[in-house]
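One structure below.
The values are calculated or read from the model by the stated rules, or taken from the named source; none is laboratory data. Just so you know, these numbers come straight off a predicted model, no measurement behind them. These accessible areas exclude ligands, DNA and RNA; they are computed on the full protein's heavy atoms, side chains included. Shrake-Rupley method; radii C 1.70, N 1.55, O 1.52, S 1.80 Å.
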Amino acid sequence: MYDGMDKPLFGEARPRDRYLNYFIGGFTVVLVCETLISSLVVPQFPPTAIHVFLASIIALICISELTLIYWYRQGDVDPKFRKMIYFNSFTTILLCICANVYFHKHS
């Protein structure tokens with residue numbers, strides 16, 4: 001089916017794995033966007049600098065995670081890093097939850 005250089009680096013991805021990657025990545029991005037918006041529109045206005053700073057750091061972590069996912073999808077990253085991508089997404093989700101609790105309890 002493939003000749004020479006056209007063969008995928010790590011084999012064909014199963015549709016289930018692809019959908020799981022899209023779901024985890026999409027859920028993480030939505031939660032990070034919600035955290036960014038929440039840091040700006042917490043009941044007090046103007047927002048405090050610490051809220052915006054924390055949300056910005058979370059957004060930067062999400063950007064690096066999305067870059068790693070993109071590299072993984074391109075085949076530039078070894079498949080064993082898939083578990084690390086899942087772990088980083090999980091910790092980013094937990095960080096967003098903690099930040100949102102902090103924003104809404106301390107505002």
TODO: Quantify, in whole percent, the carbon and sulfur part of the accessible surface of the stretch 52-107 (1.4 Å probe; protein heavy atoms only).
DONE: 69
Task: Accessible area of the stretch 34-99 divided out per residue, in Å², using a probe of 1.4 angstrom - done: 63
TODO: Determine the gain in length on full extension of the stretch ALA49-TYR19; use 0.36 nm per residue of separation and subtract their C-alpha separation, reporting nm with one decimal.
DONE: 7.1 nm
- [ ] Return the sequence-ordered ³J(HN,Hα) values of the stretch 62-76 in whole Hz as given by the Karplus equation 6.51 cos²θ - 1.76 cosθ + 1.60 applied to θ = phi - 60°, using x for Gly and Pro.
- [x] 5, 4, 5, 5, 5, 5, 5, 5, 4, 4, 5, 5, 6, x, 7
